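Presented below is the structure to which this report refers.
Rule-based calculations on the coordinates, nothing more; no lab input. Here the structure is a predicted model, which is why all the values come from computation and not from measurement. Cβ: placed from backbone, ideal geometry, glycine included. Neighbour counts: every protein chain shown.
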Amino acid sequence: MGDENFDAIVIGAGPAGIACAYTLAKQGKTVLVIERGDSAGSKNVTGGRFYTYALEMVDRGLTAEAALERKVTHEQIMMLSGNRAISVDYYDPSFNRVGGTAQSFTILRAVFDPWFAGKAEEMGATVVCGIRVDDVIEKEGKIVGVIAGGDEMYANVVVAADGVNSFIAQKAGLIKDIESHAVAVGVKEIIELPAQTIEQRFNLKSEEGAARLILGCTEGIHGGGFLYTNKESISLGAVFMPEEVARHGRSLPEMFQEFKMHPAICPLLEGGKTVEYGGHLVAEEGYRGIPKKLYREGFLVCGEAAGFVVNLGYTIRGLDLAVLSGLAAAKAILEAASPAKVGPAYMQQLEAVKLLPIMRALDGFTDALDIPNLFGTYPKVAADLFQKLYAVDGSVPDHLRKQIWGVVKGNKLTLRQLFADGIRGMKAL
Ligand SMILES: Cc1cc2nc3c(=O)[nH]c(=O)nc-3n(C[C@H](O)[C@H](O)[C@H](O)COP(=O)(O)OP(=O)(O)OC[C@H]3O[C@@H](n4cnc5c(N)ncnc54)[C@H](O)[C@@H]3O)c2cc1C
């Protein structure tokens, strides 16, 4: 490989890197993807839901072939407080079908990523796993290749799709070392269960799936839980802000274990076998976390390396945005008239595929999720209120307004605090 000059070298076989490689290879470009994991997906952690419109933008019909788990027909939000739980389940069996395809599916990265990498190989890309890219090669101010496994490899364009906390974008001088407030740390288990058991426990028809985000499971720490049903397993995890975990004093595994043992969660996992356990960072700042510059001559940054993730509280989108950015990078490489024009063309493509407009539109959610009471006090207020409403013991109940006020005061909230959080939430939305 040493002497060959590729049209593009892509670092990382995640959804961003593979979408880029697939698109370039399909147009006859020579593409080398270098992945440090033993196989694509082996080093990745995702909650587990993927919006498939992005695959259709890469190539029509790709979703039908994709290694997907269950189509999400149950969108759920759960709040935990003490041993209590409130659940909202939005069920729609034909939810937002686009061209006959369900809008989102649960996925397992260890299955989905190798499938996607295989498709890029079918198009002609070379995917090499088990090798880490250690540095970029610079000549006369341009990036012209990479150093990986002790070898130098050259390309017209190097695409950094190496995920959150991109070491390669740092080497290229585009980003600084990540700051702790910019990321959350996620832990996740995959728990195997028979398909029928999953369907009974989650009230699913065959092939249907549930996506559940959970508030109140992080002991007041900024973060939340998630649960996704796969064909024959459940993905259960939680994300926490690392700075707050450090101050909190309890370890992540301890808090996660307690979450698993919650009386509303534990029965869903009963009899299951944990087959995978992982931890990973996830970018948290949305649009504001995107680095000022996403390119240099001969170099592009895409996917989560470029901060393309939005956490909305009720859903998290990183995979679809990764695919969109990989597609935008490939289109820029294909259309640019000269190497110097690839970077500006990439920025235009990020607009054209609607990635940047989506992220701008969802920018305010970051502020809404900054309300500290959201992660402990408000789930408790909601549970206390439900307890009051549903408890019947023969006594004369207080007027509803008095009951609500009693709950608010009982949780040491003031009108001023409620008002301030309300205004903050409204502004964010
Ligand atoms: C706990 C958690 C839950 C999440 N849930 C969801 C969800 O439900 N839905 C959603 O859409 N998004 C979710 N996300 C976000 C999503 O996983 C990411 O945004 C997405 O994976 C980013 O894709 P990517 O291709 O940019 O990077 P990645 O998927 O991280 O891929 C980067 C690849 O680069 C490789 N690599 C890194 N460095 C090097 C190197 N030096 N040399 C060679 N290879 C290298 C890595 O091994 C990896 O395979 C979640 C994230 C976390 C942590």
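Pick from 183, 245, 158 the residue whose mean-square fluctuation is largest in a GNM of the chain, springs joining Cα atoms under 10 Å. Sorting by GNM fluctuation, first place goes to 245. For the pair the stretch 256-289 / the stretch 383-429, the C-alpha centres are spaced 29 Å from each other. A simple packing score, the average count of other Cβ atoms within 10 Å per residue, orders the peptides 407-413, 213-219, 164-170, 285-291 as 213-219, 164-170, 285-291, 407-413, with the highest score first.
Remark: the Cα gyration tensor places the stretch 118-184 in the oblate category, a/c being 1.5 or greater and a/b not exceeding b/c. So which lysines can residue 293 reach, going by Cα to Cα under 22 Å and dropping same-chain residues fewer than 8 places off? In chain and number order, the partners are 139, 142, 171, 176, 331, 341, 354. Helix 342-352 and the long axis of the chain differ in direction by around 40°, with both axes built from C-alpha atoms.
If you take every residue apart from residue 202 with its C-beta less than 10 Å away from the C-beta of residue 202, what net charge results, scoring Lys and Arg +1 and Asp and Glu -1?
Numbers: positive: 70, 201, 212; negative: 89, 199, 208.
Net charge around residue 202: 0.
If you run the Gaussian network model on the chain, springs between alpha carbon atoms under 10 Å, then out of 300, 312, 32 the most flexible one is 312. Rounded to whole numbers, the Karplus 3J(HN,Hα) couplings from phi for the stretch 144-161 are 10, x, 9, 10, 9, x, x, 9, 9, 10, 10, 7, 5, 9, 9, 10, 8, 10 Hz, using 6.51 cos²θ - 1.76 cosθ + 1.60 with θ = phi - 60°, and x at Gly and Pro.
Taking the C-alpha atoms only, the angle from helix 400-410 to the longest principal axis of the chain is near 70 degrees. Taking only DSSP H segments of four or more residues, each worth -39500 (n - 2.57), what value at 222 nm results for the chain once the sum is divided by all its residues, to the nearest 500 deg cm²/dmol? -9500 deg cm²/dmol, from helical runs alone.
Tell me whether the chain comes out rounded, prolate or oblate; compute the Cα gyration tensor, take square roots of the eigenvalues as a ≥ b ≥ c, and use a/c under 1.5 as the rounded threshold. Because a/c hits 1.5 or more and a/b exceeds b/c, the chain counts as prolate.
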